[in-house]
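Data block below; observations after.
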Amino acid sequence: MNAPASAAPAAATADVPLTPRQQQALSAVLAERGALPGALLPVLHGVQDALGHIPPAALPVIARALHLSRAEVHGVVTYYHHFRTTPPRGRVVQICRAEACRSMGAEALMAHAQSAIDAHGCDTLEAAYCLGLCAQSPAVMVGDRLHARMTPAKLDALLVSDPSAQGEGA
Amino acid sequence: MSAMLTLYVPRDSAALAVGADAVADALHAAALAHGAALQLVRNGSRGLLWLETLVEVATPQGRVAYGPVAPDDVPALWPALVAEADGTPSAHPLRQGVTDQIPYLALQERLTFRRVGITDPLSLDDYAAHGGWAGLQAAVGMDSAAILHEVTHSGLRGRGGAAFPAGIKWKTVAHAVATPGATKYVVCNADEGDSGTFADRMLMEGDPYLLIEGMAIAALAVGATEGYVYIRSEYPHAVATLTEAVARATAAGWIGDDVCRSGRAFHLHVRMGAGSYVCGEETAMLESLEGKRGIVRAKPPLPALEGLFGQPTVINNVLTFAAVPTILAQGGAFYRNYGVGRSHGTLPFQLAGNIRRGGLVEKAFGLTLRELLYGFGGGTASGRPVKAVQVGGPLGTYVPESQWDVPLDYEAYAAIGAVVGHGGLVVHDDTADMAGLARYAMEFCALESCGKCTPCRIGSTRGVEVIDRITLNRHQPVVRDQQVTLLRDLCETMVGGSLCAMGGMTPFPVLSALNHYPADFGL
Ligand SMILES: Cc1cc2nc3c(=O)[nH]c(=O)nc-3n(C[C@H](O)[C@H](O)[C@H](O)COP(=O)(O)O)c2cc1C
Ligand code: SF4
Ligand code: FES
């Protein structure tokens, strides 16, 4: 929030310093979880939950607090698909591409979603590999809400609607 | 009569994903509008997933089911529910009858899932009232050897895929010695990454205390004082439910500093994965729990001897632990009497993909795929013929119709080169492109490979290329056949040269697609 209006859209590199809000969130997570055995994943989850992503400038701070090398923290952040180092654009729309959803048209749904999102350009489309709704395929997660038995028409309705007004699956 | 109306609306992800919260809200609104007293229980799912959202009403005849209910159905449904509660069956089109008499449920043999969908998952009172903690209470009065004997005698084998006898694994850990000052661990594998499986999720969301009870029994048996449940990040509701259940069970003294007044401690922690399929492999999971990249470890040492933080560790699947309380409460012989051959007990099968009545079917081993597909599942959702069924997750084979009468039992499946695995069945109709599915299997392996061994890391990417060359050259027999030979060689290298089943079994779906559906490859 303190960044000048002309700065790059979001912290994408380690030289973009943490904002005071980010620093505060990071300290809170480290205070709460830093002493857990094998703390790195819980800490990274905490940071991403609080900030929506893991700013690269947080990595050296985390490394120092957990007595790890920066390379180790970087290695873990990049290994796991769940962690992101840049903020997503709009809502994260995850479409399951695994076998059960494929058997019910997930690939066509993915293609439809891709063109819809390309057209309005305000959400982030990602693949998921099973959401545990395989008897009600195809399955989709928008933000933190699950939706089953998805169709292109239902997806369009979801994507244009106001996310805050959306009940899970409704 | 304006007696209290008791309704049930599941809180399982499968119901939430089709609008169960909105249905619950609409029922509350209807009750308010009619001035009725409503008790609305958010239960687990009964596992009749084509009927979600399944609304049940308590009646003098037992619970009566309506489904699939959408929020808009509620105004018209309300009078039917009210009449039903007074003992008057309605003629509403969504009425499914007395829940327990629906054939899909009535024909099951539910041991592990017997409470799921019936109780309020987080109610300790409900759990105890429905036979909960009986296994743990029995275990507290037994020594380690006696617990190990019951589990071994039950014939329980790992439900996560490899079907290794649970009792033997536990015995190894029980006899191992932790480093002085350190502890042994009990770890639950709740990574459930296989497409077509959701039983672990349903159990954790629908009856979390059962898993906690099973893990506590394991801890008593092997002498562990710390435990972890590693749940994939794609399951936020399971993480939330289990975290709350652990807190409540600890506060009530079922686990914690003094497990069920045994004088022994067992502290349980819930951890979340981060979107890595290979972290379901047990040693990769341990690395991940230790805060590292989820890279598979070479074995030996076995995790039973040197597992989490280098200490002796029991690792089992959710359903393995969840079977244990029944075994302790009713005896190993009771459990052993279900099943066939060396496959004892029951397996919660999961009917998924292109299937009319998808859901969870817990049955003793020994029934056939055909019975599951048609008896329970009712054929495909599309109404077209079934073409192939992938059994046992993304590393399992595509089973063609000629093998649908083989009994589902670990050894019988191994004999046809297939795997029962975690009991997931993904159905494909006749529009499925088996070469495309084989390609996807290689693509998924390339995406999820931990990278430790070359056949898996490089071979999977090569596999995608080779399959593309086969399908592109379907009218060039010479090139095509060369590429088929190459694909078979590649699969052989992956099977023989991979450290774990990710690279070692990806050839199973690929080769079964090629062997049973050659036309799809242009052969
Ligand atoms: C790539 C790969 C993924 C696996 N995923 C899972 C999984 O999601 N859940 C599971 O219980 N076991 C999984 N396993 C099997 C585990 O390695 C291990 O056998 C199991 O946790 C042991 O528990 P069990 O004996 O109770 O089955 C996987 C194995 C491999 C090679
Ligand atoms: S087979 Fe694949 S996933 Fe398994 S250890 Fe080797 S590279 Fe890793
Ligand atoms: S395969 Fe899509 S939800 Fe499981």
(Q) Can you tell me which residue is farthest from B:G206 (Cα to Cα) among those in segment B:120-161 that are of a type in the set (S, T, Y) and surrounded by fewer than 21 Cβ atoms within 10 Å (Cβ to Cβ)? (A) B:S144
Q. Quick check: is even one residue across segment B:96-119 open to solvent by 20 Å² or more (accessible area, probe 1.4 Å), in a loop (DSSP other than H, G, I, E, B), closer than 14 Å to B:T6 by Cα and modelled with pLDDT of 95 or more?
A. yes
Q. Any idea which of B:F309, B:F321 is surrounded by fewer than 24 Cβ atoms within 10 Å (Cβ to Cβ), assigned to a helix (DSSP H, G or I) and in the same structural domain as B:M202 (by the TED database)?
A. B:F309
(Q) Tell me yes or no: at least one residue of segment B:206-214 is small (G, A, S), buried (at least 24 other Cβ atoms within 10 Å of the Cβ) and touching a residue at least 40 places away in the same chain (Cβ under 8 Å). (A) yes
Q: Mind listing whichever residues of segment B:385-418 are assigned to a loop (DSSP other than H, G, I, E, B) and either polar (S, T, N, Q) or over 22 Å from A:L133 (Cα atoms) (or both)?
A: B:P385, B:T397, B:P400, B:W404, B:D405, B:V406, B:L408, B:D409, B:I416, B:G417, B:A418
(Q) I'd like to know if segment B:498-514 contains one or more residues that are closer than 27 Å to B:T283 by Cα, surrounded by fewer than 19 Cβ atoms within 10 Å (Cβ to Cβ) and of a type outside the set (A, V, I, L, M, F, W, C). (A) yes
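So that you can scan it fast, the table gives a plain yes or no per residue for (1) open to solvent by less than 20 Å² (accessible area, probe 1.4 Å); (2) within 24 Å of B:S276 (Cα to Cα); (3) outside any helix (DSSP H, G or I); (4) free of Cβ contacts under 8 Å to residues at least 24 places away in the same chain:
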{"position": "A:V77", "(1), (2), (3), (4)": "yes, yes, no, no"}
{"position": "A:T86", "(1), (2), (3), (4)": "no, yes, yes, no"}
{"position": "A:Q114", "(1), (2), (3), (4)": "no, yes, no, yes"}
{"position": "A:D118", "(1), (2), (3), (4)": "no, no, no, yes"}
{"position": "A:A135", "(1), (2), (3), (4)": "yes, yes, no, no"}
{"position": "A:M150", "(1), (2), (3), (4)": "yes, no, yes, no"}
{"position": "A:L158", "(1), (2), (3), (4)": "yes, no, no, yes"}
Q: Considering each of A:R91, A:R64 in turn, give the residue that is more than 8 Å from chain B (Cβ to nearest Cβ) and touching a residue at least 60 places away in the same chain (Cβ under 8 Å).
A: A:R91
Q) So how many residues does segment B:404-455 have that are more than 14 Å from chain A (Cβ to nearest Cβ), within 13 Å of ligand 1 (Cβ to nearest atom) and open to solvent by less than 10 Å² (accessible area, probe 1.4 Å)? A) 1
Q. When residues of segment B:52-62 are filtered for being under 21 Å from B:L16 (Cα atoms) and surrounded by fewer than 24 Cβ atoms within 10 Å (Cβ to Cβ), how many remain?
A. 1
Q: Note down all Cβ pairs under 6 Å where the first residue falls in segment B:433-456 and is among the basic types (K, R), the second is assigned to a helix (DSSP H, G or I), and they're at least six residues apart or on different chains.
A: B:R439/B:V464; B:R439/B:I467
Q: Taking A:A108 as meeting all but one of (1) open to solvent by 20 Å² or more (accessible area, probe 1.4 Å); (2) more than 10 Å from chain B (Cβ to nearest Cβ); (3) aliphatic (A, V, I, L, M); (4) without any contact (Cβ under 8 Å) to a residue 40 or more places away in the chain, write down the number of the exception.
A: (4)
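The values are calculated or read from the model by the stated rules, or taken from the named source; none is laboratory data. What you see is a predicted model, and the numbers here were worked out from it, not measured in a lab. Reconstructed Cβ throughout: ideal geometry from the backbone, glycine too, with neighbour counts over all protein chains shown. All accessible areas refer to the heavy atoms of the entire protein, side chains included, with ligands and DNA or RNA removed. Shrake-Rupley method; radii C 1.70, N 1.55, O 1.52, S 1.80 Å.
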